[in-house]
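Reading through the structure tokens given below for one structure.
None of the figures in this text is laboratory data; all of them are computed from the coordinates on show. Because the structure is a prediction, the values reported are computed rather than measured. Neighbour counts run over all protein chains shown; Cβ positions are idealised from the backbone, glycine included.
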Amino acid sequence: MLESKYQNKIIKSIEALGGVVVNGNYSKAGEADLQCGYPLELKSYIAADELYTYPRFQRLKLLVHIAVEVKTEKDYHRVMRCINSDYTLNGKTGLKEHEPLQMAKIRRNRAKGGLALVAYSFEQVQEYVNATTN
């Protein structure tokens with residue numbers, strides 16, 4: 001399957017949750033394929049007494065920015081063999097010329113407290129967001 005098919009599945013799944021996704025070619029080299037506003041239930045971040053006092057908070061969602069570098073499943077496994085869990089290079093060969101820069105940008109985004117990852121499925125994105133934000 002082409003990378004664009006993986007992207008479309010991730011985009012549609014995030015938008016179905018009420019999120020937003022910008023997909024495009026960016027002027028800065030190494031930027032992730034998808035720049036997303038991933039929806040989180042805001043009520044989990046509000047005290048219970050405030051939810052009771054202000055019922056409108058129960059409907060609010062918070063859009064959290066996440067950068068997703070989409071790969072095909074085959075390319076994902078190739079890239080992951082060449083990097084550590086913190087997206088540093090582990091010395092193994094196999095990355096394409098532009099991929100070390102992509103990994104550096106993901107690592108820098110995470111170091112600043114942002115959310116960023118390499119993925120081929122929406123489930124990977126969802127699992128990462130849930131693990132990181134809870």
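So for each of 91-97, 65-71, 110-116, 9-15 I average, over its residues, the number of other beta carbons within 10 Å; can you give me the resulting order with the highest mean first?
On the way: 91-97: 10.0, 65-71: 21.7, 110-116: 13.9, 9-15: 18.0.
My ranking of the peptides, most packed first, is 65-71, 9-15, 110-116, 91-97.
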Practice task
Report the label-to-label distance for residue 13 and residue 96 in nanometres (one decimal), using points 7 Å from each Cα along the Cα→Cβ vector.
Solution key: 2.2
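Can you put 107, 81 in order of Cβ neighbours within 10 angstrom, beginning with the fewest? Please list the in-between numbers first.
Details: 107 17, 81 12.
With the sparsest Cβ surroundings first, the list reads 81, 107.
Which pairs, out of 12/74; 74/112; 5/28; 9/61, put more than 27 Å between their alpha-carbon atoms?
Details: 12/74 21 Å; 74/112 29 Å; 5/28 23 Å; 9/61 22 Å.
Listed pairs above 27 Å: 74/112.
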